[in-house]
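Structure, as structure tokens:
The values are calculated or read from the model by the stated rules, or taken from the named source; none is laboratory data. Every value quoted in this text rests on a predicted model; they were computed, and no experiment measured them. No Cβ is skipped: glycine too gets one built from the backbone with ideal geometry, and neighbour counts run over all protein chains shown.
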Amino acid sequence: GVYYEPMRNYLDLAYVGTISIGTPPQEFRVIFDTGSSDLWVPSIHCTSPACTNHNVFNPLLSSTFRISGRPIHLQYGSGRMSGFLAYDTVQFGGLVDESQAFGLSLREPGRFMEYAVFDGILGLGYPSLGLGGTTPVFDNLWKQGLIPEELFAFYLSKKEEEGSVVMFGGVDHSYYSGDLNWVPVSRPLYWQLTMDSISMNGEVIACDGGCEAIIDTGTSLLIGPSDIVFNIQKIIDAKQSYSGEYMINCDTINTLPDIVFTINGVDYPVPASAYIREDHQGTCYSNFDEGRGGLLLSDSWILGDVFLRLYFTVFDRANNTIGLAPAV
Amino acid sequence: CLVTIPLTRIKSMRENLREKDRLRDYLEKHPYNLAYKFVDSADPDP
């Protein structure tokens with residue numbers, strides 16, 4: 001009765017949407033995460049300090065709630081969630097997803113959710129990535145005939161707060177320029193594709209000869225193998241701070257060249273203004289980060305929000321392809 | 001038929017921790033890990 005699923009460090013997650021669960025609806029702020037496949041929110045029975053800061057689901061107030069009794073344990077890169085599986089009506093954007101399986105947390109040990117501004121996570125990865133025997137939210141939407149096309153897409157705005165959207169069942173062409181370049185999913189578990197190379201000034205600096213990359217709305221930064229990312233930090237002259245982060249001179253935003261991710265023969269430049277972030281105190285940090293201790297994914301890259309803010313992305317389950325085009 | 005859900009950009013946990021000067025402590029205790037699916041472990045807090 002113990003189930004594990006891959007989840008990552010949610011330290012940098014920054015885009016949330018609102019959903020409701022139950023009848024009458026109870027509202028939650030969740031991350032729409034292409035790097036996991038399950039939906040979970042905290043329950044009223046959660047006793048961890050982290051749960052006190054968040055909206056919690058009360059099963060007793062929902063007339064459509066059904067409990068399965070199955071315990072679940074979701075292991076994160078930075079903590080874990082323990083709880084149980086349940087079913088209820090999930091609503092967002094006018095969609096009514098009935099009998100949706102979701103997790104309710106009883107414990108969120110450690111501090112990993114204590115500082116989170118979101119309540120839970122809504123996974124949009126492939127079903128094989130999620131809890132066995134359950135149907136993820138997107139698959140349920142499609143099975144119930146609630147969306148006309150078996151795809152969804154993300155537009156992450158470069159502006160500070162508003163303007164970002166996730167769209168289901170179609171693509172709004174006003175969010176990108178040019179044509180979508182379609183890339184096959186190399187492994188239908190994550191939204192994973194094969195990347196040709198990473199280069200700067202025409203010179204390959206990483207992923208020489210090709211590598212795997214995961215397009216992940218649940219990751220903020222550009223994550224790669226530690227030795228290779230360490231080399232990139234050296235190239236851009238980023239220095240490790242006492243907190244372990246890589247700091248960089250803000251002036252270099254105007255002088256450092258683009259770093260180009262080549263995917264399926266198409267170049268996707270990421271300018272210094274995107275791979276360097278400036279906080280409100282005027283300190284600049286590298287948006288490259290290293291993955292540590294990964295097993296199967298140790299040679300892979302994760303292209304998170306930093307990449308997705310530049311490139312509108314379509315996740316096409318019908319054709320197992322990912323569409324990329326410059327975001328407007 | 002297109003269903004669009006607005007997303008709001010919020011302050012990340014990293015920013016919250018950095019402001020409270022707890023980031024270093026957090027990163028030391030919780031190093032980033034890319035994959036856990038195949039980690040063979042039982043519930044440490046049954």
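What do you reckon, is residue A:285 under 23 Å from residue B:21 (Cβ atoms) and of a type in the set (Ser, Thr, Tyr)? Against the criterion (under 23 Å from residue B:21 (Cβ atoms) and of a type in the set (Ser, Thr, Tyr)), residue A:285 qualifies.
Within the option set A:68, A:82, A:63, being part of a loop (DSSP other than H, G, I, E, B) and either away from chain B (no Cβ under 13 Å) or at pLDDT below 90 (or both) holds for one residue only, A:63. Condition first: within 11 Å of residue A:117 (Cβ to Cβ) and either in a loop (DSSP other than H, G, I, E, B) or at pLDDT 95 or above (or both). Now tell me which residues in region A:7-32 satisfy that. Once the filter is applied, which keeps residues that are within 11 Å of residue A:117 (Cβ to Cβ) and either in a loop (DSSP other than H, G, I, E, B) or at pLDDT 95 or above (or both), region A:7-32 yields A:10, A:13, A:14.
Which one is surrounded by the most Cβ atoms within 10 Å (Cβ to Cβ) among residues in region A:226-264 that are of a type in the set (Ser, Thr, Tyr) and at pLDDT 95 or above?
So in region A:226-264, the residues of a type in the set (Ser, Thr, Tyr) come out as A:226, A:241-243, A:246, A:252, A:255, A:262.
From what is left, the residues that are at pLDDT 95 or above are A:252, A:255, A:262.
Details: A:252: 14, A:255: 8, A:262: 17.
Step by step, filter region A:226-264, then rank; the result is A:262.
Within region A:147-156, identify whether any single residue is at pLDDT 90 or above and farther than 30 Å from residue A:177 by Cβ, and answer yes or no. Step through it out loud before you land on a result.
Step one: of region A:147-156, the residues at pLDDT 90 or above are A:147-156.
From what's left, farther than 30 Å from residue A:177 by Cβ: none.
For region A:147-156, residues at pLDDT 90 or above and farther than 30 Å from residue A:177 by Cβ: absent.
For (1) crowded, with 18+ Cβ neighbours inside 10 Å; (2) assigned to a strand (DSSP E or B); (3) small (Gly, Ala, Ser), each residue gets a yes or a no:
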site	(1), (2), (3)
A:281	no, no, no
A:299	no, no, no
A:306	yes, no, no
A:313	yes, yes, no
A:319	no, no, no
A:322	yes, yes, no
A:326	no, yes, no
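In region A:131-151, which residue that is out of contact with any Lys or Arg (no Cβ under 8 Å at 6 or more places or on another chain) and buried (at least 22 other Cβ atoms within 10 Å of the Cβ) is farthest from residue A:100 (Cα to Cα)? For region A:131-151, the residue satisfying everything is A:131. Only one of the numbered conditions (1) at pLDDT 95 or above; (2) surrounded by fewer than 21 Cβ atoms within 10 Å (Cβ to Cβ) is not met by residue A:290, and that is (1). Set side by side, the residues B:25, B:40, B:21, B:45 differ, and just one is exposed (fewer than 14 other Cβ atoms within 10 Å of the Cβ), at pLDDT 75 or above and part of a loop (DSSP other than H, G, I, E, B), which is B:21. Just a yes or no: is a residue in region A:218-236 without any contact (Cβ under 8 Å) to a residue 12 or more places away in the chain, under 23 Å from the mean Cα position of the chain (by Cα) and within 27 Å of residue B:22 (Cβ to Cβ)? Checked against the condition, which is being without any contact (Cβ under 8 Å) to a residue 12 or more places away in the chain, under 23 Å from the mean Cα position of the chain (by Cα) and within 27 Å of residue B:22 (Cβ to Cβ), region A:218-236 yields no hits at all.
When region A:45-76 is filtered for residues that are loosely packed, with under 15 Cβ neighbours inside 10 Å and among the aliphatic types (A, V, I, L, M), the ones remaining, listed by number, are A:60, A:61, A:67. Within region A:197-223, work out how many residues are among the small types (Gly, Ala, Ser), more than 10 Å from chain B (Cβ to nearest Cβ) and either assigned to a strand (DSSP E or B) or crowded, with 18+ Cβ neighbours inside 10 Å (or both). Within region A:197-223, residues that are among the small types (Gly, Ala, Ser), more than 10 Å from chain B (Cβ to nearest Cβ) and either assigned to a strand (DSSP E or B) or crowded, with 18+ Cβ neighbours inside 10 Å (or both) number 5. Among the residues of region A:107-128, some residue qualifies, meaning at least one is surrounded by fewer than 17 Cβ atoms within 10 Å (Cβ to Cβ), part of a loop (DSSP other than H, G, I, E, B) and either of a type outside the set (Lys, Arg) or at pLDDT 95 or above (or both).
Take residue A:194 and decide whether it is closer than 19 Å to residue A:288 by Cβ and of a type in the set (S, T, N, Q).
Details: closer than 19 Å to residue A:288 by Cβ: no; of a type in the set (S, T, N, Q): yes.
So residue A:194 fails the test.
Return yes or no: is residue A:252 polar (S, T, N, Q) and not in a strand (DSSP E or B)? Against the criterion (polar (S, T, N, Q) and not in a strand (DSSP E or B)), residue A:252 qualifies.
Restricting the first member to region A:297-319 and to residues that are facing chain B (nearest Cβ under 10 Å), and the second to residues that are hydroxyl-bearing (Ser, Thr, Tyr) and surrounded by fewer than 20 Cβ atoms within 10 Å (Cβ to Cβ), the beta-carbon pairs closer than 9 Å and six or more apart or on different chains are A:298/A:226; A:309/A:157. Filtered by the rule that a residue be more than 19 Å from residue A:85 (Cα to Cα) and touching a residue at least 12 places away in the same chain (Cβ under 8 Å), region A:34-53 gives A:34, A:35, A:49, A:50, A:53.
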